[in-house]
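Only one structure is covered here, and it is reproduced in the block below.
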Amino acid sequence: MIRFAHIDHLRLGTPLAGLADCPEWLRRSAADATRSAVARLIQSVITHDCDFLLIAGRLVEPDALSAGVVPWLSQQLDTLDRRGIQVLVCDQSSENRALARLPNVTLFQRQDWVAAGRDPSGKIQLRHATPDRHSLGIRVDHAQNTVTDAALSYIAVPSLTSQKDLAAASHSLIQTATAGCPQAVSPDESGVFGMRLVEADPVAREWQSRFVATDSLGFRQYRVSVSGCENADDVAAKVLADLDRSDVARGRTLVVDVEATDMAWDCFLSSECAEHNLLSRLRHDCRFGHAGVWPRTFTAVPVCSDVPQFQSSDLRNALRKTVLSVSSESVDSLGSDSAVDRAADMRRRMQAAAEFLSLRP
């Protein structure tokens, strides 16, 4: 059996984005999240007693600052070297000098074969050679049907996200998989990030593969129906109940963008259900992220079925003008800053309602 870990792009030196409005402790955690994830990756490689680590993508992104990355990564890889765990890295032309200074690294070119097998003493060997029928062939390439004499062939297809639904066991002689990155770097990258742990048996010609999470901070777009909720208390309770069911691992913080759908119009138009008020409340009830969840944004979407159906376009347009006129007068007649903020929020919500009505067929 040959056991190895597969990761694509490390993205060291890339800061996390989208967390400007968050507690200071979370901002500090985000600043170190990528390195923390790579450190977890290294520890997982050791814990699972891997023969080698395959890095199929870039160490740093082209636009990321790499100052200090190589010395830090060298320390991490040195930990593997002391345990006899080799590192197989797909050579990136822009990183040649940096890669040359990394310890215990075997470089290979994209689309070139590396044959993995064991010597008579049982030690793993990684050779730049076309694999034979007794070895495991490894290659970084596009997804394709690769013909080879290898007992088993593993084709790594680098990507920013992984194939978490890859079959746990496979009898196919060719396995094509992505592992993604150890850590997400923006709210656009939702889900769990980590490495792929692969066990290959060239004799029995069988695979075992599974995903292992390494990230410490994750992003998720969370959509929850608040149908039947009559006030802010009901909405907050419903959202929190669903957030409690989120799979938040120990030591991991989940940053969520909440979209509350099917909100009743009476609730939607009330000041208590203003989006900024509900967001502040959710953050408080989540102990400002210490409970493992940090609500980043909150968006309310009113239910469509509660909107009256108007047959006359003139009536719809008249209603829209009336709503906008009334809400504008309400803002102009208020003096205090807080009152103006609340009224402005009300005008925005009334305008959204009027726009929705004017677009109804």
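A few remarks follow.
So that you can scan it fast, the table gives a plain yes or no per residue for (1) part of a helix (DSSP H, G or I); (2) touching a strand residue (DSSP E or B) at 6+ places or on another chain (Cβ under 8 Å); (3) within 18 Å of Met195 (Cβ to Cβ); (4) outside the structural domain of Asp201 (by TED's automatic domain parsing):
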{"position": "Arg11", "(1), (2), (3), (4)": "no, no, yes, no"}
{"position": "Leu41", "(1), (2), (3), (4)": "yes, yes, yes, no"}
{"position": "Val45", "(1), (2), (3), (4)": "yes, yes, yes, no"}
{"position": "Cys50", "(1), (2), (3), (4)": "no, yes, yes, no"}
{"position": "Leu54", "(1), (2), (3), (4)": "no, yes, yes, no"}
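- Applying the set (1) surrounded by 20 or more Cβ atoms within 10 Å (Cβ to Cβ); (2) over 16 Å from the mean Cα position of the chain (by Cα) to Glu61 leaves exactly one unmet item: (1).
- Conditions (1) modelled with pLDDT under 90; (2) in contact with a helix residue (DSSP H, G or I) (Cβ under 9 Å, 6 or more places away or on another chain); (3) within 29 Å of Ser153 (Cβ to Cβ); number of the one not met by Glu61: (2)
The values are calculated or read from the model by the stated rules, or taken from the named source; none is laboratory data. Everything numeric in this text was worked out from a predicted model, so none of it was measured. Glycine gets a Cβ as well: all are built from the backbone with ideal geometry, and neighbour counts include every protein chain shown.
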